[in-house]
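What follows is a short report on a single structure.
The values are calculated or read from the model by the stated rules, or taken from the named source; none is laboratory data. Source: prediction; values computed, not measured. Cβ: placed from backbone, ideal geometry, glycine included. Neighbour counts: every protein chain shown.
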Amino acid sequence: MATLSTEQQAIARQWIADGMKLSDFQRRIETDFALKLTYMEVRFLIDDLKVLPKDPEPPKAPPAPAAPEAPAGGTPEGAVEPDEVTPPEDTLGGGGVQVTVDAVTRPNAMVSGRVRFSDGKGAAWLIDNYGRPGLVADEKGYRPSQPDLMAFQAALERELSKLGF
């Protein structure tokens, strides 16, 4: 691998400090210093320069939609006052939902387990290595009720928090 002069090293350090992406850095090394480096050579160069590329800034969340205007007499029709909202609990709607976590995790999953819904039907659940949830009912075509799904989600969050997820 070719080496950079002291002046070129200072310029390259500044590019990285300014937040330049590695692909842009690689192109800039080629155009400004006439050095064609592979991606791996660029990574080694960054290491040799003892600089750390900046993490890209996360995208900003879109603004929240405006709340509907309240009529002169109080809340809009159909609106729920904040103190009327109750979180899903095992005792609400899907009272009989039971969630277990497998002692041995299924292949290609970070965590897996079983759920028994209030109607007695069961399903296997998992969260894959990419963080995507999955639910496979024991009975083909079975779809749990909305209250059961909400109770399942709450129970699953509690079980996962016990495991440190």
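Among the candidates VAL115, VAL111, VAL97, the residue that is surrounded by 10 or more Cβ atoms within 10 Å (Cβ to Cβ), within 22 Å of the chain's Cα centre (by Cα) and either farther than 15 Å from MET150 by Cβ or modelled with pLDDT of 55 or more (or both) is uniquely VAL111. Evaluate the stretch 135-145: report whether one residue or more is surrounded by 13 or more Cβ atoms within 10 Å (Cβ to Cβ) and in a helix (DSSP H, G or I). Looking through the stretch 135-145, none of the residues is surrounded by 13 or more Cβ atoms within 10 Å (Cβ to Cβ) and in a helix (DSSP H, G or I).
Per the listing THR31, THR105, the residue uniquely assigned to a loop (DSSP other than H, G, I, E, B) and at pLDDT 85 or above is THR105.
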